[in-house]
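The values are calculated or read from the model by the stated rules, or taken from the named source; none is laboratory data. All values reported here derive from a predicted model rather than from experimental measurement. FYI the Cβ positions are ideal-geometry reconstructions off the backbone, even for glycines, and counts take in every protein chain you see.
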Amino acid sequence: MAEIKDTIARLFPEATFEDGDTLLVNIPDKRWHDLASTLRDNSELKFDFLVTIVGMDWADKLGCYYYLTSTEYNTHISVKVTTEDKEHPMLHSVHDLWQIAGIFEREVYDFFGIVFIGNPDMRRLFLDIDWKGFPLRKDFDESEENNPVSVESERQSDFTDTWVELPDGEVEKRQVRVFQPEDFVVNIGPQHPATHGVLRFRTAIDGETIKKIDVYMGYIHRGIEKICEKLTYPQTLHFMDRMDYFSGHPYHHCLCMTIEEAAGIEISRRAQVIRVIMDELSRIASHCLFIGTFCMDLGATTMLFYTLRVREQILDIMEKTCGARMTFNYGAIGGVMQDLAPDFVQDVKALLEVLPRNIKEYNKLFTGNVITKNRMEGVGVLSKEDAISWSVTGPSGRASGWACDVRKTDPYSIYGELDFEQVVKTEGDSMARFKVRMEEMEQSARIISQLIDNIPDGEYCVKVPKVLKLPAGHWFRTVEGCRGTFGVFLESDGTTSPYRLKLVPPSLTAAAVVDHITRGNKIADLITIGGSLDYIVPDMDR
Amino acid sequence: MFDFSLLTDWIDNLLENTLGMPEWLATTVECVLVGLLLLTVYAVLALFYIWYERKLCAAFQCRLGPDRVGRWGLLQSFADMFKMLIKELISLNHVDKFLFALAPYLVILASMIAFAVLPWGNGLQIINFNIGIFFLIAVSSIGVLGILLAGWSSNNKFTLIGAMRSGAQMVSYELSIGLSVLTMVAFAGTMNVVEIVEAQNNLWFIFSGHIPAIIAFIIYMIAGTAETNRGPFDLPEAESELTAGYHTEYSGMHFGFFYLAEYLNLFIVSGVATLLFLGGWMPLHIPGWEGFNDIMNYIPSVVWFIGKAILLSFVIIWFKWTFPRLRIDQMLSLEWKYLLPINLFNLVLMVLIIVYNFHF
């Protein structure tokens with residue numbers, strides 16, 4: 001970390017540093033783009049993975065935290081860029097360095113109104129184009145008169161704005177067309193069986209070939225981040241079940257970990273083990289459902305029922321312990337909500353016994369089929385560089401040869417002690433994404449079988465003060481959710497509720513990359529690619 | 001073997017001689033009777049097929065399928081039919097009203113006429129004329145016109161894509177159907193449906209024509225599945241891509257017509273395969289096994305025909321519930337790059353076998 005600091009200090013004397021859980025660099029906006037390209041391209045730094053951009057409103061100024069990771073050296077850094085201008089806040093865009101930044105900046109614009117100079121597409125990402133105000137600003141007018149519930153159809157525009165910096169330093173606003181007037185644009189979604197929720201692709205096609213896709217999100221945007229700012233810490237937890245509804249356990253795990261670290265709470269070994277087992281059970285259930293729905297998208301309906309059988313078994317186990325099948329709300333600050341059900345161990349063992357047989361059956365029925373191979377092999381190839389640049393993490397990233405499993409790169413909880421392998425494939429096509437998930441189920445089963453026989457005794461939840469106050473500061477933690485890296489950014493001002501809680505979902509990047517990898521493919525490939533990326537709409541919309 | 005022409009002749013005799021009707025009137029009455037009978041069989045068979053597919057698909061998917069209405073859910077499709085009949089025909093704005101309403105009738109008309117030509121049993125066919133098979137292929141391709149019209153007149157981008165896919169698919173696979181039928185016609189030496197069946201008295205064509213007949217049979221089954229727009233060739237209505245393809249905008253009984261026609265086309269494809277390869281209504285005869293052949297003759301010819309057709313439909317349904325869907329370019333390249341050359345080669349092979357008398 002010290003070397004990184006020295007390198008940056010040498011090149012950018014105006015930068016100041018703060019030490020925290022990651023090194024934080026303060027840089028004025030003027031030098032930000034230069035710093036960004038140095039961070040990415042300098043051979044000693046190589047921060048090629050933009051984890052997220054966190055928009056912030058500190059009352060007196062607006063700004064962003066950029067969280068960066070080097071996939072080569074496995075180092076982390078964060079950069080803080082601020083602007084004092086609250087009327088027309090502007091920062092420089094870095095979309096040319098990290099492709100995903102284009103989408104992240106749109107999100108910041110949507111919530112904070114910060115315009116990114118040079119970003120070619122500065123529309124709102126989640127909210128209506130007629131929405132007034134920027135909701136995550138602290139001075140946002142929340143009254144219903146400001147944004148009445150509309151009974152009209154949503155207005156939409158074929159134009160987008162972009163701000164361009166002229167050579168003399170002036171910034172000019174320009175309008176750009178999203179689609180050309182002669183394009184044949186088909187609306188896929190928001191009500192469409194293959195978008196797995198209310199996601200909308202405006203697809204320009206030429207015959208059966210896709211020319212361009214414009215992703216519309218936000219149909220189930222609930223403003224979780226905003227709501228959380230008014231809740232106490234224990235109250236924020238239950239939203240984790242309502243994002244990626246298949247990764248409730250890992251998401252709970254992440255938020256609990258962040259809060260526990262901030263509050264300095266040490267949890268028992270028993271709780272650690274229970275959390276890891278639950279995470280891995282969710283992963284198996286999630287991948288089962290992925291396989292089923294993906295095959296159904298391709299027209300092989302029968303597979304769905306075969307995979308649901310295993311998933312049902314897992315949901316039954318969850319139900320016995322957590323009392324729910326989907327919204328578990330099982331994680332708690334200090335451990336887990338309640339102890340394991342008496343026959344938990346026995347049920348999980350029964351599952352581990354049938355799982356290999358089922359995976360074999362899936363491969364027999366589907367993977368080896370010649371039509372399956374034709375539909376999936378070589379379809380939607382995502383190169384490793386693109387996967388990193390678009391921040392496509394999780395199984396989809398690993399299928400492109402990017403070893404991005406947080407359980408291995410930054411082992412959290414007890415993952416460091418466990419014996420399992422990170423499944424990485426290099427093809428980067430839909431088949432690889434499918435197979436990675438298939439093999440991850442086996443690895444998850446391996447993790448569970450190591451733990452299930454020696455769940456230590458102890459308390460499942462340590463004593464935590466009823467009113468939890470966190471010290472002022474900020475923390476960023478990531479875990480491996482079922483679909484990729486899930487991150488929680490927490491900024492506290494020393495009160496009982498978060499000053500800013502930013503959730504970093506893996507599905508947002510997976511949906512953003514669809515346009516990039518479907519161009520030139522057929523309409524049917526959009527279904528294959530979208531299915532294999534396995535995004536969950538409530539997860540990206542939040 | 002019971003000859004159904006006894007029955008039909010008796011009715012004709014009853015009308016003309018006993019009741020003293022003039023010939024034109026007798027023919028009209030017979031036409032009406034046949035029409036009513038056809039409609040009934042058509043509807044009942046379609047309902048049976050819906051139930052049959054639901055039960056089969058449930059079995060493939062470790063489910064039970066419909067089991068609440070009637071024993072084994074047998075009345076389920078009747079209930080569905082009544083539901084369909086009382087549903088509203090939603091009239092849409094911005095569609096070509098005439099073509100929109102015409103399309104389902106074209107589709108159902110095509111399948112109904114094709115249905116009429118099938119040889120149901122010994123002496124049980126509506127018209128017996130020398131180009132029966134040719135007529136069958138000709139009328140069954142009217143259906144594609146209905147699908148194209150449906151997709152076009154709905155004024156919806158999804159239906160248009162579905163219709164265009166369907167057009168490309170049906171025109172392509174008609175070639176394979178035509179050529180594999182031609183192979184068997186060459187073998188039989190006639191296009192007359194009755195004579196084709198009679199020619200299989202000793203041995204079904206799939207056995208007597210051996211290698212080329214089996215190749216033609218496999219190609220026919222693949223192309224037939226594509227002709228009926230069923231999985232893995234269900235691209236025109238690929239529900240995960242185009243919601244419901246060309247019939248997205250239809251409601252009530254208009255949708256019901258597409259639905260019925262789809263199931264009946266399944267029966268027609270199986271029926272024609274039965275006729276050409278598995279002897280039509282002809283019982284299983286093995287040369288030299290006289291006792292066995294006599295026992296087989298006791299099973300009524302209608303049972304033979306429908307039984308064989310339903311068995312073949314089972315295979316097609318099995319395809320659908322096992323395989324994923326093809327992509328449009330893969331489907332076309334399967335036809336033009338593989339099936340068509342194999343088919344042409346197979347036709348030559350068949351001709352050689354006929355010329356050199358290498359068949360049984």
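Among the residues making up segment B:171-196, those that are at pLDDT below 85 and either touching a Lys or Arg at 6+ places or on another chain (Cβ under 7 Å) or buried (at least 24 other Cβ atoms within 10 Å of the Cβ) (or both) are B:VAL193, B:ILE196. Evaluating B:ALA199 against the criteria (1) in contact (Cβ under 8 Å) with a residue 60 or more places away in the chain; (2) away from chain A (no Cβ under 14 Å); (3) crowded, with 18+ Cβ neighbours inside 10 Å; (4) aliphatic (A, V, I, L, M) leaves one unmet condition, (1). Looking across segment A:289-336 at every residue that is assigned to a loop (DSSP other than H, G, I, E, B), of a type outside the set (A, V, I, L, M) and more than 11 Å from chain B (Cβ to nearest Cβ), the one that is farthest from A:ASP534 (Cα to Cα) is identified as A:GLY334. Looking at A:GLU145, A:GLU165, A:GLU152, A:GLU105, just one residue is modelled with pLDDT under 85 and in contact with a strand residue (DSSP E or B) (Cβ under 6 Å, 6 or more places away or on another chain), and that residue is A:GLU165.
In segment A:465-473 there is no residue that is closer than 23 Å to A:ASP405 by Cβ and assigned by TED's automatic domain parsing to the domain that holds A:GLY299. State all residues of segment A:79-114 that are of a type in the set (Val, Ile, Thr), under 21 Å from the mean Cα position of the chain (by Cα) and in a loop (DSSP other than H, G, I, E, B); if no residue qualifies, say none. Those that are of a type in the set (Val, Ile, Thr), under 21 Å from the mean Cα position of the chain (by Cα) and in a loop (DSSP other than H, G, I, E, B): A:VAL94, A:ILE100. Among the residues of segment B:56-86, write down those that are touching a helix residue (DSSP H, G or I) at 6+ places or on another chain (Cβ under 9 Å), outside any loop (DSSP other than H, G, I, E, B) and away from every other protein chain (no Cβ under 14 Å). Matches in segment B:56-86: B:TRP72, B:GLY73, B:GLN76, B:SER77, B:PHE78, B:ASP80, B:MET81, B:MET84, B:LEU85, B:ILE86. When the helices (runs of 4 or more DSSP H) confined to segment A:450-536 are screened for residues that are in contact with a Ser or Thr (Cβ under 9 Å, 6 or more places away or on another chain), within 14 Å of chain B (Cβ to nearest Cβ) and modelled with pLDDT of 85 or more, those reaching at least 3 such residues are found at A:523-533.
Only residues that are more than 13 Å from the chain's Cα centre (by Cα) and either farther than 20 Å from B:ALA168 by Cα or surrounded by 18 or more Cβ atoms within 10 Å (Cβ to Cβ) (or both) were counted in segment B:110-143, giving 14. Close Cβ contacts (under 6 Å, 6 or more residues apart or on different chains) running from residues in segment A:94-110 that are under 18 Å from A:PHE47 (Cβ atoms) to residues that are β-branched (Val, Ile, Thr) and in a loop (DSSP other than H, G, I, E, B) comprise A:ALA101/A:VAL94. Among the conditions (1) buried (at least 21 other Cβ atoms within 10 Å of the Cβ); (2) under 26 Å from B:ARG325 (Cα atoms), A:GLY394 misses just one, which is (2). A count restricted to segment A:354-367 and to residues that are surrounded by fewer than 13 Cβ atoms within 10 Å (Cβ to Cβ) and within 12 Å of chain B (Cβ to nearest Cβ) stands at 1. Within segment A:1-55, being surrounded by 14 or more Cβ atoms within 10 Å (Cβ to Cβ), assigned to a loop (DSSP other than H, G, I, E, B) and of a type in the set (A, V, I, L, M) holds for A:ALA15, A:ILE27, A:LEU45.
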